[in-house]
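**Q** One structure, as structure tokens, below. Some questions next.
The values are calculated or read from the model by the stated rules, or taken from the named source; none is laboratory data. Keep in mind that what you see is a predicted model, and the values were worked out from it rather than measured. Cβ placement follows ideal geometry from the backbone for every residue including glycine, while neighbour counts extend to all protein chains displayed.
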Amino acid sequence: MQQLITTPIYYVNDIPHIGHAYTTIIADMLKKHRYLQGDEVFFLTGTDEHGQKIEQSAKAKGKSPQSYTDEISAVFRSLWDFMGIRYDHFIRTTDDYHLESIACVFEQLCARGDVYLGEYEGDYCVSCESFFLNIDSGICPDCAGEKKLTKIKEESYFFALSRYQERLLEWYASSEDVILPKYRKNEVIRFVESGLQDLSISRTSFSWGVQLPAITTKSINGESKTPSKQHIAYVWLDALFNYVSALGFYNHGACISPAPESKASHTQDNLKGFWQHATHIVGKDILRFHAVYWPAFLMSLGLELPKHIYAHGWWMRDGQKMSKSLGNVIDPRAFAQSYGVENLRYYLLRETPFGQDGDFSQRGLIERINGELANDLGNLLNRVLGISEKYTALVIDAPHFARAHFAQECEQIAEILTGLGENMRTMQTKTYIESVWKLLHIGNTAIAKYEPWNLFKQGELAKLQSLLCLLANLLLKVAHALYPIMPETSQKITSAFTRQIAPESYAHFITQNAYDTHFTLHKVAPLFQKIDSLLIPESSVESTPKSTTPDSSTKDSGAKSTSTAPAIAGIASIGEEIGISDFAKLDIRVGEVLSAEPVPKSTKLLRLQIDIGEQQPRIVLSGIAEYYTPEQLIGTQVCMIANLKPAKIMGQYSYGMILASKDTESLSLVRIDGRRKNGSKVS
Ligand code: MSP
């Protein structure tokens with residue numbers, strides 16, 4: 001089947017950061033998965049080059065918008081090249097064919113009777129290029145780093161978005177996985193149900209954008225109105241249509257580059273077919289544009305709607321979204337250079353469940369490389385190669401291999417493989433990778449259990465060959481399953497067994513769960529090098545150090561943070577020595593959790609009401625949402641520091657801090673051994 005997979009097109013106001021790399025890596029992962037499943041995939045990415053934000057950035061650098069966008073767009077391209085991301089087409093919204101499309105799209109939306117001329121009066125956020133009404137604070141509710149809204153009043157064309165409310169709701173209801181994760185889909189539904197306002201789709205107060213033809217339309221009260229100014233397309237109208245202009249809709253032809261992972265070499269004629277099955281990968285911040293405005297535009301024009309919109313979470317630093325203005329961005333090139341592209345891909349895809357935010361940690365990355373990649377995966381391959389070299393001269397020949405010999409292992413393998421397809425289909429990428437690691441665990445355990453060295457000693461050569469055969473098949477299954485995540489590593493694994501990765505071999509080893517019985521092995525260099533210290537100085541990548549407690553807000557509470565020393569094993573070094581009088585300053589109390597609820601827009605925080613024997617329960621914000629559900633907490637007792645200065649976290653005050661212990665695996669609350677009266681002191 002022809003499939004289109006898209007990344008968002010990236011703003012060229014600044015150079016790429018890890019968030020951009022993350023979006024692209026997810027799209028590339030999906031592309032590789034679908035390629036293995038036999039689909040013909042067209043992978044589209046590019047840069048979003050118009051709008052006020054870019055115009056202002058260019059001006060601030062003393063450059064013309066065109067030369068500035070040329071420069072930054074090339075940086076994105078070169079990053080993807082460096083990271084081995086192969087796209088079928090890289091669109092720039094300043095490309096001629098795209099300009100042609102946008103003007104044509106605008107005419108057609110007008111011809112459909114969905115556009116009218118009016119005046120927009122309200123707020124605008126230049127940073128996320130969005131219109132807002134009725135925001136008293138004057139600060140963009142969607143952007144990180146307190147971006148100020150600008151008041152604007154200008155002639156504008158409007159798109160009659162409100163007409164599409166019902167059809168949009170029907171569309172969301174039409175398919176389970178049109179928007180994933182489901183909780184994001186529900187947010188979109190609530191947004192649409194709350195009522196849609198018509199959308200301003202042109203600007204007149206600056207010039208860096210696609211010039212629109214002057215079209216006379218009816219105003220909202222039915223009079224014919226002709227524009228008094230040159231309008232340029234609202235940057236989101238301009239940007240969203242990249243997904244179809246690149247395929248040749250509404251223009252006379254985009255330029256097409258070769259498609260290394262696709263079966264066919266695409267020609268202009270067959271490109272439109274890819275639109276029949278489109279999947280957009282977006283960050284949660286731009287879901288509204290993709291899940292509301294975009295399908296409404298498409299409905300107006302009578303075009304097919306995307307089949308899937310998958311919204312991922314943000315990479316954060318110390319609980320804050322990364323952004324240049326906050327000075328906490330991670331440079332993907334530097335990390336890929338130091339730690340390897342494949343390792344970085346693995347970390348980003350493995351660390352957080354798709355859709356949720358993650359906190360980027362260099363130490364976390366090293367732990368995954370040393371533990372999971374080097375120990376679990378790299379060692380298994382080494383051991384299999386080593387055993388075979390020693391006892392079977394690098395030839396595995398097990399004509400009588402039968403799954404019944406390893407019934408338990410083979411049943412587990414079959415079960416895991418069945419789940420993998422579903423994991424990817426529902427974008428449970430973390431679970432997908434964890435399942436691959438269960439396969440590795442089966443392999444590592446089998447070596448310990450069947451002791452190949454003893455089989456050899458006892459002359460049980462057929463059994464030894466069978467065991468190696470099981471392990472070789474298992475590693476080939478792992479390699480195929482891992483290809484979307486770590487393509488180079490997977491190819492190294494298959495090459496050790498003189499095999500290659502292709503849709504046919506994927507069908508063989510994964511879909512049909514077949515087992516081969518003969519292999520010639522080649523020794524390959526160890527897949528991973530262990531890393532024993534940070535490769536990038538902390539100061540250049542980590543902003544404020546984090547305390548080990550989950551809910552401390554060191555900045556606001558005035559409390560000093562403790563250790564900053566790298567603790568690779570995930571165990572914090574012992575802090576500064578203190579006297580008993582220092583300890584006595586802490587007033588720790590036993591308290592009962594009366595209520596617990598998630599803090600809006602935070603995946604980590606819970607808002608707790610805790611009874612510590614005072615007249616009113618204390619409100620405490622605690623970063624434990626990933627480890628405890630509200631139900632698990634309500635009615636239980638916790639230990640809390642009751643004399644901590646109140647701290648403001650995500651706009652709300654927290655009046656205390658509950659104690660917990662966290663290691664690399666999970667987090668547990670500090671509890672007392674038996675129930676005590678609420679408010680009892682802990683000393
Ligand atoms: N130009 C628009 C997209 C138009 S698509 C028709 C845009 N560009 S962007 O450069 O600001 O962001 C592109 C993508 O990067 C978004 O999916 C966004 O979510 C993602 N990220 C930007 N910062 C991020 C993080 N800190 N973490 C993860 N991804 C985030 O929006």
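**Q** Is there a residue in region 272-280 that is crowded, with 24+ Cβ neighbours inside 10 Å, at pLDDT 90 or above and in contact with a Lys or Arg (Cβ under 7 Å, 6 or more places away or on another chain)?
**A** No; the residues of region 272-280 include none that is crowded, with 24+ Cβ neighbours inside 10 Å, at pLDDT 90 or above and in contact with a Lys or Arg (Cβ under 7 Å, 6 or more places away or on another chain).
Per-residue answers, yes or no, for (1) more than 23 Å from the chain's Cα centre (by Cα); (2) closer than 28 Å to PHE249 by Cα; (3) among the β-branched types (Val, Ile, Thr):
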| residue | (1), (2), (3) |
| --- | --- |
| LYS59 | yes, no, no |
| GLY62 | yes, no, no |
| GLU71 | yes, yes, no |
| SER78 | no, yes, no |
| ILE91 | no, yes, yes |
| THR94 | yes, yes, yes |
| VAL105 | yes, yes, yes |
| ALA160 | yes, yes, no |
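**Q** Kindly establish whether TYR346 is within 18 Å of GLU434 (Cα to Cα) and hydroxyl-bearing (Ser, Thr, Tyr).
**A** Yes; evaluated as a whole, the condition is true for this residue.
**Q** Within region 169-186, how many residues turn out to be assigned to a helix (DSSP H, G or I), under 25 Å from the mean Cα position of the chain (by Cα) and either crowded, with 16+ Cβ neighbours inside 10 Å or aliphatic (A, V, I, L, M) (or both)?
**A** 5
**Q** If you don't mind, there's one more thing I want to ask. State all residues of region 597-625 that are without any contact (Cβ under 8 Å) to a residue 24 or more places away in the chain and closer than 28 Å to LYS284 by Cα; if no residue qualifies, say none.
**A** Residue satisfying the conditions is PRO600 alone.
**Q** For region 285-292, state whether one or more residues are closer than 28 Å to ILE531 by Cβ, within 16 Å of the ligand (Cβ to nearest atom) and of a type in the set (Gly, Ala, Ser).
**A** So far as region 285-292 goes, no, none of its residues is closer than 28 Å to ILE531 by Cβ, within 16 Å of the ligand (Cβ to nearest atom) and of a type in the set (Gly, Ala, Ser).
**Q** Follow-up question, since we're still on this one. Working only within region 221-248, note down all residues that are surrounded by 13 or more Cβ atoms within 10 Å (Cβ to Cβ), over 17 Å from ILE54 (Cα atoms) and among the β-branched types (Val, Ile, Thr).
**A** If the condition is that a residue be surrounded by 13 or more Cβ atoms within 10 Å (Cβ to Cβ), over 17 Å from ILE54 (Cα atoms) and among the β-branched types (Val, Ile, Thr), then VAL244 is the only one that fits.
**Q** A follow-up question, please. Got a number for residues in region 187-236 being within 16 Å of the ligand (Cβ to nearest atom) and part of a loop (DSSP other than H, G, I, E, B)?
**A** Residues meeting the conditions: 5.
**Q** Conditions first: (1) over 19 Å from HIS89 (Cβ atoms); (2) in contact (Cβ under 8 Å) with a residue 60 or more places away in the chain. ALA278 passes all but one, so which condition is the exception?
**A** (1)
**Q** Okay, moving on. What are the residue pairs meeting all of these: first residue in region 648-675, first residue surrounded by fewer than 19 Cβ atoms within 10 Å (Cβ to Cβ), second residue of a type in the set (Phe, Trp, Tyr) and assigned to a loop (DSSP other than H, G, I, E, B), Cβ atoms under 7 Å, and 6 or more apart or on different chains?
**A** That search, which allows pairs on different chains as well, returns SER666/TYR627; LEU667/TYR627.
**Q** If you scan region 124-168, which residues turn out to be over 30 Å from LYS225 (Cβ atoms) and crowded, with 17+ Cβ neighbours inside 10 Å?
**A** The answer is SER127, CYS140, CYS143, ALA144, LYS147.
**Q** Do any residues in region 310-328 that are modelled with pLDDT of 80 or more and of a type in the set (Ser, Thr, Tyr) have Cβ atoms under 6 Å from those of residues that are more than 7 Å from the ligand (Cβ to nearest atom) and assigned to a strand (DSSP E or B), where the two are at least six apart or on different chains, and which pairs are they?
**A** Pairs found: TYR310/LEU180; TYR310/ILE281.
**Q** Kindly indicate whether any position in region 506-520 is in contact with a Pro (Cβ under 6 Å, 6 or more places away or on another chain) and assigned to a loop (DSSP other than H, G, I, E, B).
**A** Looking for residues that are in contact with a Pro (Cβ under 6 Å, 6 or more places away or on another chain) and assigned to a loop (DSSP other than H, G, I, E, B), one finds at least one in region 506-520, hence yes.
**Q** Which condition number in (1) within 29 Å of THR429 (Cβ to Cβ); (2) over 30 Å from the mean Cα position of the chain (by Cα); (3) hydrophobic (A, V, I, L, M, F, W, C) is the one that CYS110 fails?
**A** In the conditions (1) within 29 Å of THR429 (Cβ to Cβ); (2) over 30 Å from the mean Cα position of the chain (by Cα); (3) hydrophobic (A, V, I, L, M, F, W, C), CYS110 misses (1) alone.
**Q** When you scan region 1-112 for strands (runs of 3 or more DSSP E) that lie fully inside it, which ones turn up with 1 or more residues that are more than 16 Å from the ligand (Cβ to nearest atom), of a type in the set (Asp, Glu) and modelled with pLDDT of 95 or more?
**A** Output list reads 40-48.
**Q** Okay, moving on. Looking at ALA446, ALA481, ALA472, ALA502 in this structure, which one is farther than 30 Å from ILE366 by Cα and of a type in the set (A, V, I, L, M)?
**A** Of the residues listed, the single one that is farther than 30 Å from ILE366 by Cα and of a type in the set (A, V, I, L, M) is ALA502.
**Q** Further question: Being hydrophobic (A, V, I, L, M, F, W, C) and crowded, with 23+ Cβ neighbours inside 10 Å is the filter; apply it to region 443-474 and report the residue that is nearest to THR498 (Cα to Cα).
**A** By that ranking, first place goes to ALA472.
**Q** Take the residues in region 304-333 that are among the aliphatic types (A, V, I, L, M) and more than 9 Å from the ligand (Cβ to nearest atom), then tell me which one is farthest from PHE241 (Cα to Cα).
**A** Top of the filtered list is LEU326.
**Q** Another question, then. Quick check on my filter: what residues within region 293-303 are part of a loop (DSSP other than H, G, I, E, B) and either within 10 Å of the ligand (Cβ to nearest atom) or surrounded by 21 or more Cβ atoms within 10 Å (Cβ to Cβ) (or both)?
**A** Listed by number, the list is empty, since nothing qualifies.
**Q** Then there's this: Answer with yes or no whether THR629 is hydroxyl-bearing (Ser, Thr, Tyr) and under 30 Å from CYS143 (Cα atoms).
**A** Taking the combined requirement at face value, the residue satisfies it.
**Q** Take GLN268 and decide whether it is modelled with pLDDT under 95, surrounded by fewer than 19 Cβ atoms within 10 Å (Cβ to Cβ) and within 13 Å of the ligand (Cβ to nearest atom).
**A** So GLN268 fails the test.
**Q** Looking at region 236-253, I want the residues that are of a type in the set (Ser, Thr, Tyr) and have a partner that is within 9 Å of the ligand (Cβ to nearest atom) with Cβ atoms under 6 Å, at least 6 apart or on another chain. Which pairs are those?
**A** Every condition considered, the pairs that remain are TYR243/THR6.
**Q** Here are ILE396, ILE387: which of them is in contact (Cβ under 8 Å) with a residue 12 or more places away in the chain, more than 16 Å from the ligand (Cβ to nearest atom), surrounded by fewer than 21 Cβ atoms within 10 Å (Cβ to Cβ) and more than 24 Å from GLU146 (Cα to Cα)?
**A** After ruling out the rest, the residue left standing is ILE387.
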